[in-house]
Amino acid sequence: MASTSATLNSGRLAPLAIQGTVRRRSVTFVASLVVIGLALVAACFGQLLFPNATTVNPLQTVLPVGSTGHLLGTDQLGRDVVAISVAGAASTLLGPVVIALGSMVIGTFLGLLAAFEGRWVDFAISRLTDLLLSMPMILLALVVSGIFGASYWWAVVLLIVLQCPYDTRIVRAGTIEQVTKPYVEAARLLRLSRWRIMYRHLLINIWPLERTNLLLNYANAMIAMSALSFLGVGVQEGTANWGRQLVDGEQILFQNPAASVAPAILIVLVACAVNLLGDSLNAAEREAQVR
Amino acid sequence: MSAEATTVAWAPAAALSASDSGKGASGAGSVEEVGVPRKRSLAEALARIILLRTAGSVVMLLVISVLIFLLTYLSPGNIITNLTGLHPPTPAVAAALRREYGLNQPLVVQYLHWLDRFVHGNWGRSMRDQTSVSQLFAGRVGVTLALVGLGFAMAVLASVPLGVIAARRAGGMLDRTISAVSVVGLSAPAFATGLLLLYVFAYLVSAFPPAGAGQGLFDDLDHLALPAATLAIGVGAYIVRLTRTAMRRELGSDYVVFARARGVSERRLTFVALRNAAIPVLTMAGLVLSYLVGATILVESTFSLPGLGLLLQESVEFKDFAVVQFLALFIAAVIAAIMLLVDLSYLVLSPEWRQRLRR
Amino acid sequence: MPSLFRSRPAVWRVALVASVATATLLGASAQTSAAVSNRAASGGQIATLTVAAPGSRANLYPGNESGTVNYWIDALVQEGLVHPTANGTYQPALATSWSEPNATTYVFQIRKNARFSDGTPLTAADVVASIDYAASAKYSAQTASYLADLASATQSGPYQVTVKLKAPQVSFLSELSSSAALWVSSKSFLQAHGSDLGTPTSLVLGTGPYKVTKFVPDEGVWLTRDSTWWGGVPKVKNIVVTFYNDESAEYLAAKSGAVDLALWIMPTQEPSWNSLSGFHVINALQASYVGLIFDPNVKPFNELAVRKAVAEAFPRQTFVNRVLRGGDSQVATAITAPVSLRAAYSQAGATAKLASIPQNTFSLSAAKKELASSSYPHGFTTTLDWPNNGPQLGLAAAVLASNLKQIGITLKVSEVPIETWLGNMFSNKYGLNFMWDQVMTGDQSELAGFLLGAGNPSDFSNAQVNSLLNTEYAQTNPQKRAQEIIELNKLATGTDLVDAPLWWEPIGMAFKDGISISSYDFATFYSPWAAGISASS
């Protein structure tokens, strides 16, 4: 097996101590951790560090980058870009976690069930998936915001509903491949319950696929929440939120670009960091398994 | 437990399926009895699938039409105000409008009237533009289909090879770069990416026009290049990463190791591995296409393309029911067709699926 | 994005339920066919003028889609009988002269040398057919109510049309213009295409200086010069109007030279456009009104003290100076802008008169006192929606919310599509709303009549207001009328406080250097404006 890994990895191998302890010297891994760490700190303490981030201050609107006291300038309501970006971390980062996880949980449940049971269960679940895939986001968003007002958490629920068909299909495809394999047959012969087969055995094998998907979904969920603002059915005004800032800042894009560009870069950085971290974990796990 | 999973996870997929295909093994499901399983010819099975799916999709479309009807009714706003603008209509005018659009009837009746007309080919009229829905649709479907087609083609043509390369050079610099770049593309919202592309290619470099759909084929392509690229960048990452993950798994399989040891060329191996990795890749491609069909709105908005996405948004906001209904059903039908094609392609490519089918 | 561009279908016009015209010409002797000299362009030819318009258009005929930009585009193609101007007079359009034998009858002499762009000549029969079409709720749903007082329009001579009203309406003349409700087409065209006028297949047919050659909804309109126009041959040969859904895309297009004229620059955009080299922005002042409206039937806004508290919590001057930086916006001292009273007073005089109306001056301490004297001394929670194509309203909402918080009122601000905003305004479920409207005919009571008359969005009515409205509706003396309207304003913004004026904003147009327009005021773009455009050296 050692030779296999040597062939597979066309480069260097990092020495591993024991499975489960990941020690990478990779730069990307460390960088990702740093970015995520900073984001988490901002999310937890942002409101404490900058309690007045969302206070409207008409006397200092659209100050440019480098103004005294405002490193990245201010936006149209006089709010400091640095302050509101830090304070906005919590709102931006939390919702997408719930969306990605929620969608994955539902998708895994339905996908495994569809693939494992087959026949009519699969048929029904697949048609349900097709139906959800076809629902126009703008209509649902409008109705939700019409009924519940501009609510952050209802937007989260909406996006979970819109995202889970994708996860269901992916899990289903991944599981179907596995389902004909001997270990499944073996499990059946051992008269293991279907739930045990699905959740203890199948799930482990499709997990790498799921994990990649989960991280991508996280990035996508951040985007989707800002897309709702773009479509004009946005989440609550005045709350610090990178997606909201990104969209709001477009009006002054050519006067103080930092108002839009700063949150955009933050979104990209965090999404990248999360995904690259996942890659590193994937690779490390693979190394460990190979040993 | 994990040991069990570990050992069987590496079971060579190709080897297994070769040995199983002739036997009609019972596969997944609850069939417990042992005996001579029914065998179906492939053609019969395919026909059965297509028929069932079509029937199922029709039912689904019906359900969707009811949902859309209810949602449009529930959405905020008032169709009479939308029709008359900011003027309070005189009671006579308001009453006349209600009668004309059948707004006084109970919801169920309104729905059934719509359904009756719809299945007889009368798709209705836009209250907003005063054009027939079919005309409105015909005028705009071309732009969206071209946009989606071009965007999808760009995404696949760029992403699949990149995913393969990343898998083959896993762990190396190239792999990391490809992964990072693809995630960047994925993490920026489409309107931000679009704006960036506009800034660079329509302003700094003046290579492409900033808005509109163009006249004539080459002008069209010129106008669609940037929007399609925006779409492709947004979804390409998914294809890159999933291709990579799936390929990695295949390339790490025993059969690949054995084949390599026997001296089979890397290129051949890549093809075989890709074929086996095709299932998740195809799934993703299908999902990406479905996503694009419904999600062109952000790009159409940024580039002012007169397509179905913008039309849907405007009609939803206006509560222009006939248009919303038609577009929603069109999108649903297209997505159902795409999913069917993807599932059929699974059969072509994968013995496990064929096997499952023949149960 | 809280930008004006997200697929903005229209900015609706205020209804003129009781609209009153400037009375200068009523009962006066017939007008002669004055040359449209103040519109004629004096510079060089322009082969193609590329125009950038915000948002999306679905239909060319304003009776089907009455957005401001729809008016502006159709004004190049179709004309009304007369045209209101910024100095309070009416200019002849398709009527060369008119008289008013009694308070409910108008007699128009129709222009003899006008031709439609399909070559057919304009006749009185065409005018009658067009008036009927414009007044029909079925065909012109969005603008027909302006002509609600129309009793009949008949051909009374080879080139004469007699229009009778159900009751005297001093402003009715302004309705028969392309600023309000009338766009003349040929009878045969209306018969052939009446049911889908303004669509890409039927387009529109008019007597104006341009004809539409192509229309792609949400993308653009292509127009070309009609040299048979009675007003002369315009210097601009072709016009291409492109709709931009995204304001940054529009800005980039202008920066890269693809745009000659950008329509409707909002106050929040002006700083960017002003700093764009190669362009200059000109403003029509006081062309747009923004204010709060209250519905006194909805708690807690049924209490005057509460309404006062909210009205006094908005820092109008600071907002105009600091948030709407630059751009000629002004604090609104009333609903009616000075420019609307020009038939009675000079601009300075009107400004002084309106400023003497008691104001709701910004003062958080006063607001707090008012609230303390109401039934809600500890505050309450309420909502405020703003339409997503008016970003400046979103900014105002944010500022208001921030101030109200300090006196204990929680204001939940929501961005909504314009249709939702409209629907909410008339739904009588919300006590607080934005009013945002453009001056179109420049009529003295264009806005006040809408905000206080029958069916107004505040669902408000009282005897004093109604009697004033009835009087000014038929008041032929402009000064008396102006006084009545000022009284109405005092009631609306003070005594009864159903409206809190915030600011008047200009409508800006960005012209590329080298292109000029002979004159520009709020009325220009509702008439054949391109006839005034030419290349300057």
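Throughout, read-outs are computed from the coordinates displayed, never taken from laboratory work. Here the structure is a predicted model, which is why all the values come from computation and not from measurement. Reconstructed Cβ throughout: ideal geometry from the backbone, glycine too, with neighbour counts over all protein chains shown.
Tilt of helix C:463-473 relative to the longest C-alpha principal axis of chain C, in degrees (0 to 90, nearest 10)?
Result, in degrees: 20.
Once the Cα gyration tensor of the protein assembly as shown is diagonalised, what are the square roots of 5 times its eigenvalues, in whole Å and ordered largest first, as equivalent ellipsoid semi-axes?
After scaling each eigenvalue by five and taking roots: 60, 33, 27 Å.
Counting Lys and Arg as +1 and Asp and Glu as -1, each charge on the Cβ, what is the dipole of region C:34-152 about the Cα centre in debye, to the nearest 20?
With Lys and Arg at +1 and Asp and Glu at -1, about 240 debye.
Roughly how many nanometres apart are two label points built 7 Å out from the Cα toward the Cβ at C:Ile282 and B:Ala96?
4.0 nm
To the nearest 0.05, what FRET efficiency results for B:Leu174 and B:Val205 with a Förster distance of 35 Å applied to their C-beta separation? Don't skip to the end; give the middle numbers.
Working: r = 27 Å, r/R0 = 0.78.
The value I calculate is 0.80.
List the aspartates and glutamates whose Cα lies under 13 Å from the Cα of C:Lys187, skipping any in the same chain that are fewer than 8 positions away.
Reachable aspartates and glutamates: C:Asp118, C:Asp126, C:Asp132.
Go ahead and set up a Gaussian network model of chain A, Cα springs under 10 Å, then flag whichever of A:Gly102, A:Gly69, A:Gly146 fluctuates most.
Of A:Gly102, A:Gly69, A:Gly146, the most mobile in the Gaussian network model is A:Gly69.
What does the charge count near C:Asn470 come to, summing +1 for each Lys or Arg and -1 for each Asp or Glu among other residues with Cβ under 14 Å from its Cβ? Don't skip to the end; give the middle numbers.
On the way: positive: C:Lys480, C:Arg481; negative: C:Asp149, C:Glu472, C:Glu484, C:Glu487.
Here the charged neighbours net out to -2.
Of the residues A:Leu113, A:Leu33, A:Leu190, which exhibits the maximal mean-square fluctuation in a Gaussian network model of chain A defined by a 10 Å Cα contact cut-off?
Ranking A:Leu113, A:Leu33, A:Leu190 by mean-square fluctuation puts A:Leu190 first.
Please arrange A:Cys44, A:Cys164, A:Cys272 by how many other C-beta atoms lie within 10 Å of their C-beta, fewest to most.
Working: A:Cys44 12, A:Cys164 26, A:Cys272 23.
Sorted ascending by nearby Cβ count, the order is A:Cys44, A:Cys272, A:Cys164.
With only Lys, Arg, Asp and Glu charged, each at its Cβ (+1 for the first two, -1 for the last two), find how big the charge dipole of region A:17-290 is about the Cα centre; round to the nearest 20 debye.
Using Cβ point charges on Lys, Arg, Asp and Glu, region A:17-290 gives about 1000 debye.
Which angle between 0 and 90 degrees, to the nearest 10, do you get for helix C:391-406 versus the longest principal axis of chain C when only C-alpha atoms count?
10 degrees
Let me have the 222 nm mean residue ellipticity of the protein assembly as shown computed from DSSP H runs of 4+ only, each contributing -39500 (n - 2.57), with the sum over all residues rounded to the nearest 500.
Estimated from H runs of four or more residues: -16000 deg cm²/dmol.
With no solvent and one point per C-alpha, what does the Debye sum give as log10 I(q)/I(0) for region A:17-290 at q = 0.07 Å⁻¹?
Summing over Cα pairs of region A:17-290 leads to -0.33.
Taking a threshold of 19 Å on the Cα-Cα distance, which of the pairs C:Lys353/C:Lys480; C:Lys308/C:Lys368; C:Lys214/C:Lys235; C:Lys308/C:Lys405; C:Lys429/C:Lys490 fall above it?
Violating the 19 Å limit, Cα to Cα: C:Lys214/C:Lys235; C:Lys429/C:Lys490.
Cα extents of region C:284-440 along the three principal axes, largest first, in whole Å?
Result for region C:284-440: principal-axis Cα extents of 46, 34, 30 Å.
Please report the relative contact order for chain A, taking Cα pairs under 8 Å with a sequence separation of at least 6, and give it as a percent rounded to a whole number.
Numbers: 383 pairs, mean separation 78.4, N = 291.
With pairs under 8 Å counted, the relative contact order is 27 percent.
Please build a GNM for chain A, connecting alpha carbons under 10 Å apart, and tell me which residue among A:Phe109, A:Phe45, A:Phe123 fluctuates the most.
Of A:Phe109, A:Phe45, A:Phe123, the Gaussian network model singles out A:Phe123 as fluctuating most.
For the pair C:Asn87 and C:Val233, what calculated FRET efficiency results from E = 1/(1 + (r/R0)^6), where r is the Cβ-Cβ distance and R0 = 25 Å, to the nearest 0.05? Before the final figure, lay out each step's value.
On the way: r = 26 Å, r/R0 = 1.05.
About 0.45, to the nearest 0.05.
Helix A:137-148: angle to the longest alpha-carbon principal axis of chain A, degrees 0 to 90, nearest 10?
Orientation of helix A:137-148: about 60 degrees from the principal axis.
Averaging sequence separations of C-alpha pairs under 8 Å and six or more residues apart, then dividing by the length of chain C, give the relative contact order as a whole percent.
25 percent
Quick one: order C:Phe380, C:Phe426 by neighbouring beta-carbon count within 10 Å, fewest to most.
Starting with the residue having the fewest Cβ neighbours, the order is C:Phe380, C:Phe426.
Please get the size of the charge dipole for chain C, origin at its Cα centre, with Cβ charges of +1 on Lys and Arg and -1 on Asp and Glu, quoted in debye to the nearest 20. Mind showing how you got there, number by number?
Working: 35 positive and 38 negative charges, 87 e Å.
Dipole magnitude for chain C comes out near 420 debye.
Taking 7 Å along the Cα-to-C-beta vector as the label spot, tell me the A:Tyr199-B:Gln105 distance in nanometres, rounded to one decimal.
4.9 nm
Take C:Asn274 and C:Val298, extend 7 Å from each Cα along the Cα→Cβ direction, and tell me the distance between the two endpoints in nm.
For the pair C:Asn274/C:Val298, the computed spacing is 3.5 nm.
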